[in-house]
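The values are calculated or read from the model by the stated rules, or taken from the named source; none is laboratory data. Keep in mind that this is a model prediction, so the values were computed, not measured. Ideal geometry is used to build each Cβ from the backbone, glycine not excepted, and the neighbour counts take in all protein chains shown. The protein model used for the area step is the full one, side chains on, heavy atoms only, and it has no ligands, DNA or RNA in it. Shrake-Rupley method; radii C 1.70, N 1.55, O 1.52, S 1.80 Å.
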Amino acid sequence: MAPNNASDQFVTLGLDHEVFAVPVELVREILDMRQPFRIPDAPPHLAGLIDVRGQAVPVIDLRLKLGLAPCAASADTRILVLAVPVGDRCLSLGLIADRVFEVTALDAGSVAPPPDIGSSWQSDYIAGIGRRGDSFVVIFDLSRLLSNEDVTLLHAVRGGAAQRALAEA
């Protein structure tokens, strides 16, 4: 989702030493880290399921999804619960981040497209590059961050078998 207002609001989050952002209107809540219920045979970036008010919510480890080294959870680790529009549906999912900073406004006029580095680079999940003080902020296009395989898997995980498994855990 590309910024479209004069000053859009974003939740900023940290992974490693980098700062990323998601549109605030997609964030349902921010939770302290809790151990997800691991799903057998799931890809490594699918951390598992958590219960959010009686609903099984699949959780993605952003570090692993983006190809970063895994990291043990700390007191600052958070799960952002999001409602992500994907096609004609709205997908509820959690994203594990090393930390969450703040809700901040990023000026639409100062948000640039991803840089062209002259070679093949997987950047379609980047809606834009903004600034937070003297550093850059990568704004996620969440619907593109999830591959078609991710979307199919997340819908399957939310199915009846996953709901029952979470209730039994």
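Here are the numbers:
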item	result
Candidate set from the range 90-116 (those that are in contact (Cβ under 8 Å) with a residue 40 or more places away in the chain and not hydrophobic (A, V, I, L, M, F, W, C)); member that is surrounded by the most Cβ atoms within 10 Å (Cβ to Cβ)	Gly94
Any hit, the range 17-28, residues being in a helix (DSSP H, G or I) and either in contact with a strand residue (DSSP E or B) (Cβ under 6 Å, 6 or more places away or on another chain) or within 18 Å of Pro70 (Cβ to Cβ) (or both)	yes
Meets criteria (in contact with a Pro (Cβ under 8 Å, 6 or more places away or on another chain) and closer than 26 Å to Glu102 by Cβ) for Ala47	yes
Leading residue by the ranking (least open to solvent (accessible area, probe 1.4 Å)) among those in the range 134-153 that are more than 20 Å from Val27 (Cβ to Cβ) and at pLDDT 75 or above	Ser135
Of the criteria (1) touching a helix residue (DSSP H, G or I) at 6+ places or on another chain (Cβ under 6 Å); (2) of a type outside the set (Asp, Glu); (3) closer than 24 Å to Ala127 by Cα, which one Ala56 fails	(3)
Test: residue in the range 52-75 that is of a type in the set (A, V, I, L, M, F, W, C), out of contact with any Pro (no Cβ under 7 Å at 6 or more places or on another chain), under 15 Å from Val137 (Cβ atoms) and not in a loop (DSSP other than H, G, I, E, B)	yes
Residues satisfying the stated conditions in the range 40-55, i.e. open to solvent by less than 50 Å² (accessible area, probe 1.4 Å) and closer than 21 Å to Leu145 by Cα	Ala42, Pro43, His45, Leu46, Ala47, Gly48, Leu49, Ile50
Residue in the range 60-75 that is under 13 Å from the mean Cα position of the chain (by Cα) and farther than 21 Å from Asp16 by Cβ present	no
Residue check, Ile79 among the β-branched types (Val, Ile, Thr), within 27 Å of Pro43 (Cα to Cα) and either assigned to a strand (DSSP E or B) or at pLDDT 75 or above (or both)	yes
Residues that are out of contact with any helix residue (DSSP H, G or I) (no Cβ under 8 Å at 6 or more places or on another chain) and modelled with pLDDT of 75 or more, drawn from the range 115-126	Ile126
Candidates Val84, Val19 - the one that is hydrophobic (A, V, I, L, M, F, W, C), surrounded by 14 or more Cβ atoms within 10 Å (Cβ to Cβ) and within 17 Å of Arg144 (Cβ to Cβ)	Val84
Check on Ile60, open to solvent by less than 70 Å² (accessible area, probe 1.4 Å) and modelled with pLDDT of 90 or more	yes
